[in-house]
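Only the coordinates and a few stated rules stand behind these numbers; no lab work does. Keep in mind that what you see is a predicted model, and the values were worked out from it rather than measured. We place every Cβ from the backbone using ideal geometry, glycine too, and count neighbours over all the protein chains shown.
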Amino acid sequence: MDRQTRLDNAGGEYTGWFASWNKFWFGAIDPVGFRVVRFLFGLLLVAWLLGFAGHEHAYFGLDGWLDEQAYREISRQPELRASEPIGWSPLYLVGGNPTALQAFYWTSVGVLLLFALGVATRVTGVLTWLVVVSFVANPAVSFDVDYLLVIVAFYMAIGHLFHGLWNGELSGAERILGPRSAWLLGGLFSRKHSGEVRPSVAANLTLRLLTIHFALIIVASFFHKLQIPEWWAGIAFWFPLHPPMETTREQVQRLVPNGPSYLFVLTLSQYLVLAWQFAFVFFAWRRGWWRVVLIGGSVIGWIGSVFVFREPLFGPVFFIASLCYLTPGEWRALGERVTSWRAGAPSTPHRAKIKVWAG
C-alpha cells in the first residue's frame, strides 16, 4: 500500500490524499448552511406550486388541458415517453376526481411548507421529493428548469433522511421524524446557538453532491451554448428581448440611432455570461472576494433570466445552488453580522464550539 494511503494504526485515521478525499465527502460540518439552503429551497417550492393555485384541475386533471386520451396517446410515442415520465405520478390516481385532486394539491403545498420550516424533515424531505417529481411529470406544464427542482429535492431528501440519525441524544420521535434542531434556520441568527454545534456528515455529503452536480450543469451549459450559432455571433440575447412575433417595425426603428452601442452591450453581456460559466469550476470553491463573483454572478443571472428570458424560476434555483458553496464559517459570520446589526452592536468573530459527532 502507498505510504500516503496507509492506515495510521496509532491514530486510527487515514493520512495523505485519502484523508483529504475522505474529509471532503464525509467530514462532519456545522449544518447551518444545509438548513438555510433547505429553508430557501422549500420556500421556492411553495411559491412554484402556488403558481398553479386556482387552476389545479385545468393543469393536472385527467379531463383538463391534457385529458386522459392525450396521456394514452403520448404513452404510445417512444420519443415523448422517453422525455416525460407518463403514467406513474400520484396525480394520475386523483386526476379524475376534482375534489381529490384539490385535496392532494393543497396537501402537497402543506408538505412543502413544513419541509421549509424544518418540521419532521426526515419524513417531509422524502415527501417533498415525491411532490416535486409528481407535479413535473405532467407534459402540459413541464419545463426544462423544473428538473433542476427535482435534482435539488432529491439531494435534500437524502440528506435529511440521514441527518442526525446516529445522534444518541435524539428522542424516539426525532429518530423517526427528524431532529427538532432543524426548525427554521437552525439558529443562524440566534446568539443562543453560539455555543456547542453538533456537526453532521449528512449535511456535508449533501452539499458536496449539490455543488459537484451544479458545477457539472454550469460547464455542460457552457459547452451547449458553444454549439449555438447565436452565441458565437453575439446576438443570443437579441431574440429573447425582441421576439419575432411580438416586435414591431417601429420598435426596431427606435433602436437604430443607438444600434451599435446597443448591440455592443448585448454582445458583451453574453460573452461575460460565457466567461462566468467557463471559469466557474475555478472560482466556485474559492473564498474571499471570489464569493462576490460567485454570488454576484448568480444574482445577475437571476435578474437576466427574468428580464431577458422571462423565466422566473431558473434564476432562484441557480442562486440557491450557488449558496451551497459557502462554508459554515461564512454562514456563521453572516449570522453574527445580522444579529449585531439588529442589536445595534459591533459584530464579533464567531467562535462556536463544535462537538465532534458523525451524525
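Overview of results
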item	result
Which of ARG175, ARG208, ARG35 has the fewest Cβ neighbours within 10 Å, and the rest in rising order	ARG175, ARG208, ARG35
Neighbour-count ranking [beta-carbon atoms within 10 angstrom, fewest first] of HIS242, HIS57	HIS242, HIS57
Computed label-point distance, nm, for sites ASN97 and PHE278 using a 7 Å Cα→Cβ extension	5.7 nm
For SER200, distant residues with modelled amide H under 5 Å away	ILE29, ASP30
Virtual spin-label span in nm between ALA333 and TRP21, 7 Å along Cα→Cβ	3.1 nm
Loop-located trypsin sites (Lys or Arg not before Pro) in region 241-331 whose Cβ has at most 15 other Cβ within 10 Å (DSSP)	ARG286, ARG287, ARG310
GLU246-VAL150 pseudo-label distance in nm [points 7 Å out on the Cα-to-Cβ vector]	2.8 nm
Proxy reagent accessibility, fewest Cβ within 10 Å first, across LEU272, LEU313	LEU272, LEU313
In Hz, Karplus ³J(HN,Hα) per residue of region 111-120 (6.51, -1.76, 1.60; θ = phi - 60°; x = Gly, Pro)	4, 4, 5, 4, 5, 4, 7, x, 8, 6
For region 85-148 and region 250-284, distance of Cα centres in Å	38 Å
Full-extension gain in nm, ILE212 to ALA140, via 0.36 nm per residue minus C-alpha separation	22.8 nm
Packing-based order for 102-109, 141-148, 122-129, 327-334, using average beta carbon neighbours within 10 Å, highest first	122-129, 327-334, 102-109, 141-148
